[in-house]
Structures are given as C-alpha cells and as structure tokens.
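For reference, the structure is listed below as structure tokens.
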C-alpha cells in the first residue's frame with residue numbers, strides 16, 4: 001500500500017529529487033503537498049483502496065506522512 | 001536555422017485573452033511580479049545573471065509569430081535587450097515614481113509580434129528599489145514566472161543548473177496522452193456540461209461597462225503578521241486545510257456584494273486554475289501548464305457566510321472527485337485550432353449569450369518560494385502581483401504570502417473601476433477576512 005501511495009505522490013503531485021531517500025515519516029505538507037494536491041491524493045486513495053475518507057477527517061494528522069496516510073486508510077478499510 | 005517553439009493548448013487559452021484585451025485597444029495579456037527590495041542589489045551581477053538566463057533559455061529572445069494558422073515563439077536575428085534600468089531623477093517624485101513606472105510598463109501598447117516575451121526592470125530612487133519582471137501571459141504562467149525569479153535569486157551556480165533547459169513535452173499534452181480517444185470525448189462532454197451548468201446563472205459584474213477601458217491600475221495591501229495569522233486560522237476553521245483559496249474567494253464575493261447589493265445578476269463566478277506541475281518541481285518553466293475550474297455561488301447564498309463556504313468547498317471537492325480538473329484539456333486542445341476570437345467566445349465566455357462568465361479573476365500563488373527571500377543580497381520586503389484583464393470583468397484579486405504575511409493585489413481597469421472604489425472594497429474584504437461571525 002505504501003509503495004502505491006509513494007508512486008502516486010511522487011509521479012503526480014510532489015517533485016522530490018530522490019524519492020528513495022524520502023522516508024515514510026517525512027512531512028509531505030512541508031515538502032509541497034498543497035490543498036489541490038491533497039484533494040487529488042484523496043480521490044486517488046479512495047479509488048485505489050476502495051474506501052471513503054470523510055471530509056471531516058482531512059487534517060494534517062492524517063495527511064502529514066505516508067505512514068499516517070496508510071493508518072488513515074486502514075482505519076476505514078476495517 | 002530559425003528555432004520555432006510551438007504554443008501548447010493552455011498557451012492558446014491565454015493568447016485568446018491577449019487577443020480579447022487587444023481588441024479593447026489595451027496592451028494585451030501582460031503580467032508582472034514586482035519585488036520591493038530593502039537595498040540596491042549588485043547591478044553588475046544582476047545583469048550577468050539575466051544574460052546567463054537568456055543564454056541558457058534562448059526562447060527568452062524570441063517573438064510570437066503566426067505561421068499558417070498556428071503561433072510559434074520564433075528566433076529573431078538580433079537579440080534585443082531584456083534588462084532595463086529606470087532611475088528617478090526628481091527627488092520630489094520618489095513616492096510616486098515606482099508605482100508610476102510599473103504602471104507605464106504594464107500599460108505599454110506594442111504589436112504582439114514586436115514584443116519581448118519577458119523583460120526585467122530595475123526601478124531606483126534614493127530611498128527605494130523595485131525589481132519588476134514583466135511577461136506576456138502566453139509565454140509562461142504565474143508558477144513559471146516564480147521559477148524564473150527563483151533562478152535569478154539562486155546564487156549557487158550548481159543549483160541554477162538544476163533548472164533544466166531541455167525541452168519537455170507540455171504537461172497538458174502529457175496528461176492528454178494518458179487518455180484514449182473515447183475518454184477524451186467523454187472529458188470534452190463533461191467540460192461542456194460543466195460550463196453549461198455554470199452558465200445557467202448570469203454572473204454579477206460590478207464594472208461600469210458603459211465606460212471604455214483606458215488603463216490598468218493596481219493597489220497592493222500587505223496584512224500585518226497578526227492579521228495574516230487570524231486569516232489563516234479562520235480559513236482553516238471554516239474550510240479546513242484544503243480551503244484557503246476558497247476562503248479568499250468566498251470573502252471576496254461577500255465584499256463585492258457589500259459594495260452594491262442591488263447589482264444585476266444571479267451569481268458570483270470566478271475561474272481558478274489547477275496547476276499540472278508537480279509542486280517544488282523546477283520545470284517546466286515556460287508555457288502554461290494549467291486547467292481551469294470555476295467557483296460559483298448564487299446570490300441567495302452570499303449573505304449566509306457559513307453556508308457560502310460550505311457550498312464552495314463542496315463544489316471544489318465535487319469538481320476534483322468528478323475529475324473536472326482534467327475535463328478542460330481536450331476542449332482547450334480542440335479550441336486551439338479555432339481563430340483566437342472564436343476560441344475566446346467558445347471557452348471563456350458564457351455559452352449561448354457570449355456574455356462574461358467571470359465576476360472577477362482570481363489567483364492565489366500561496367507562499368512565495370524564493371531562496372532566503374533575497375535577490376543578490378537584497379532582502380525582498382514586498383511582492384506586487386500584476387495582470388492585465390479583459391473588460392469586463394476589469395477586476396482581478398491576486399494573493400500571495402511572503403514572510404508569513406499575506407499580500408493582496410487588486411488589479412483593475414480604469415475608468416471601469418476607480419481607486420476609491422477599490423480602496424473601499426479592500427476595507428470590506430478585510431472585514432470579511434478577519435470577522436468570525438456566521
């Protein structure tokens with residue numbers, strides 16, 4: 001799951017010179033994930049993992065890193 | 001051999017706007033970023049860096065020419081200068097000199113084929129220095145312009161070489177290539193339905209459209225740190241982390257409504273662009289890599305603050321969920337084969353009525369991302385954001401953030417709007433931005 005999230009973020013939303021050195025805990029918002037990027041990422045996650053991510057839960061705690069994104073998805077998959 | 005660089009479908013969108021503005025006997029779609037500096041930068045190094053930029057990116061020295069039915073940035077035989085100095089000779093005029101100089105440069109009328117796509121201007125008086133970058137909108141979009149400034153502000157030559165001069169396929173074309181022909185048709189129909197729905201409501205326009213456009217003017221206001229923090233906090237409270245730009249749009253619609261509640265029309269509508277570049281990417285620099293979306297709110301919602309924000313948020317979320325952000329790409333491509341006037345009428349104006357769809361133009365470039373916020377050792381103290389506008393709407397609200405402080409540039413066409421009207425509008429906008437009532 002993390003790899004799919006990484007692939008989408010680095011191929012579509014954020015430019016990182018060396019994606020392999022970007023850890024799963026690194027801050028995505030500080031790295032350039034903006035409001036449009038967040039919405040596009042959520043649409044991708046919902047389609048890819050067949051979940052509904054409520055608008056009320058779109059906050060930095062859930063979005064700040066690849067690890068927190070995975071946790072957020074798993075919470076709704078369960 | 002003469003190099004010819006073709007325009008991409010999104011460039012044609014801005015070229016159609018350029019044509020529309022020129023048809024109004026105005027200078028075309030000129031844009032500018034002006035940086036106010038705390039001291040004079042090293043002019044010799046600045047000249048060298050601009051020269052280096054022109055050598056690495058020869059497209060800078062081209063002119064826009066039409067060949068058969070298409071437009072190309074075309075090499076010229078002689079490189080004309082792109083850097084100019086403007087020095088205030090009269091000490092009593094220092095206060096007005098800088099703004100006057102910027103206005104003159106943004107209001108110069110030139111044939112499109114004779115115009116440099118981009119020029120740089122150092123405006124100096126005893127107490128103040130301003131660096132202006134002026135460009136033709138088909139040449140690059142605001143993000144590309146920010147990348148050019150970033151190049152000029154980067155002192156380390158190795159880091160400057162990270163800006164890649166190699167030609168890459170325009171992002172509009174790259175995105176389009178991901179879709180099969182029937183998916184493109186589906187997107188085209190989706191875009192048509194989207195604008196048809198928007199066009200059911202007639203846009204409210206405050207400009208005095210009986211007047212003939214004469215010149216662009218602008219007023220820029222920088223909020224204090226405290227005001228800026230309040231605005232950001234309220235934006236998050238009302239619209240969440242994805243809605244800062246929508247907060248500005250909603251507040252601006254309410255401020256306009258407060259200026260004249262009886263203005264004719266059914267709804268406020270503004271275009272905003274979705275940038276196709278990856279954030280923090282250093283390329284592509286040139287060309288426009290955007291797709292338009294619209295924020296629209298019916299008059300009945302304008303008076304209900306919370307409901308208005310919720311409406312704008314839901315509209316934006318729905319647009320992205322339905323992939324309307326990509327829907328315009330095939331339409332922009334198809335329209336780029338039309339004449340510029342037809343392109344403008346088909347895509348920019350309300351379908352059927354040919355009236356103006358936009359109540360105002362809007363752009364939020366967010367945090368200005370320049371190394372240490374310095375230009376060759378001079379600290380950037382303020383950013384002014386400028387653009388020519390079609391009349392109507394004759395009004396643009398452009399926002400950015402520097403050193404955590406928000407800055408709003410109101411661009412307007414005189415005499416369709418007056419400076420007094422705009423000053424009053426800003427007062428109302430500020431009340432809207434920092435108020436917390438529902």
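If you go through the range B:300-318 and pick out every residue that is in contact with a helix residue (DSSP H, G or I) (Cβ under 9 Å, 6 or more places away or on another chain), assigned to a helix (DSSP H, G or I) and more than 9 Å from chain A (Cβ to nearest Cβ), you end up with 12. Applying a threshold of 9 Å to beta carbon distances and a minimum spacing of six or more residues, or different chains, the list of pairs starting in the range B:350-369 at a residue that is within 16 Å of residue B:273 (Cβ to Cβ) and within 14 Å of another protein chain (Cβ to nearest Cβ) and ending at one that is part of a loop (DSSP other than H, G, I, E, B) and at pLDDT below 90 reads B:366/A:34. Restricting attention to the range B:282-300, the residues that are free of Cβ contacts under 8 Å to residues at least 60 places away in the same chain and buried (at least 19 other Cβ atoms within 10 Å of the Cβ) add up to 2.
Of the residues A:27, A:62, A:67, A:7, only one is away from chain B (no Cβ under 11 Å) and within 28 Å of residue B:324 (Cβ to Cβ); which? A:7 is the lone residue from the list that is away from chain B (no Cβ under 11 Å) and within 28 Å of residue B:324 (Cβ to Cβ).
Under the condition of being in a strand (DSSP E or B) and closer than 25 Å to residue B:115 by Cβ, the residues counted in the range B:18-36 number 6. The criterion of being farther than 20 Å from residue B:323 by Cβ, more than 8 Å from chain B (Cβ to nearest Cβ) and either at pLDDT 90 or above or more than 11 Å from the chain's Cα centre (by Cα) (or both) does not hold for residue A:48. Scanning the range B:107-135 for residues that are over 21 Å from the mean Cα position of the chain (by Cα) and either within 20 Å of residue B:76 (Cβ to Cβ) or part of a loop (DSSP other than H, G, I, E, B) (or both) yields B:111, B:113, B:114, B:125, B:126, B:127, B:128. Scanning for something in a strand (DSSP E or B) and touching a residue at least 24 places away in the same chain (Cβ under 8 Å), does the range B:386-394 turn up at least one residue? Yes, because at least one residue in the range B:386-394 is in a strand (DSSP E or B) and touching a residue at least 24 places away in the same chain (Cβ under 8 Å). Restricting the range B:179-204 to residues that are part of a loop (DSSP other than H, G, I, E, B) and touching a strand residue (DSSP E or B) at 6+ places or on another chain (Cβ under 6 Å) leaves a set whose member that is modelled with the highest pLDDT is B:204.
Taking the listed residues B:204, B:209, the one that is under 23 Å from the mean Cα position of the chain (by Cα), under 17 Å from residue B:361 (Cα atoms) and surrounded by 19 or more Cβ atoms within 10 Å (Cβ to Cβ) is B:204, with no other qualifying. Of the numbered criteria (1) in contact with a strand residue (DSSP E or B) (Cβ under 7 Å, 6 or more places away or on another chain); (2) more than 11 Å from chain A (Cβ to nearest Cβ); (3) in a helix (DSSP H, G or I), the one residue B:246 fails is (2). Of the residues screened, residue B:256 is one that is outside any strand (DSSP E or B), assigned by TED's automatic domain parsing to the domain that holds residue B:400, modelled with pLDDT of 95 or more and over 19 Å from the mean Cα position of the chain (by Cα). Name the single residue, out of those in the range B:37-50 being in contact (Cβ under 8 Å) with a residue 24 or more places away in the chain and in a helix (DSSP H, G or I), that is nearest to residue B:287 (Cα to Cα). Top of the filtered list is B:50. When the range B:259-286 is limited to residues that are outside any loop (DSSP other than H, G, I, E, B) and within 14 Å of chain A (Cβ to nearest Cβ), the one that is farthest from residue B:143 (Cα to Cα) turns out to be B:272.
The values are calculated or read from the model by the stated rules, or taken from the named source; none is laboratory data. These numbers were taken from a predicted model, which means no experiment stands behind them. Using ideal geometry, Cβ is built from the backbone for each residue, glycine included, and neighbour counts are taken over all protein chains shown.
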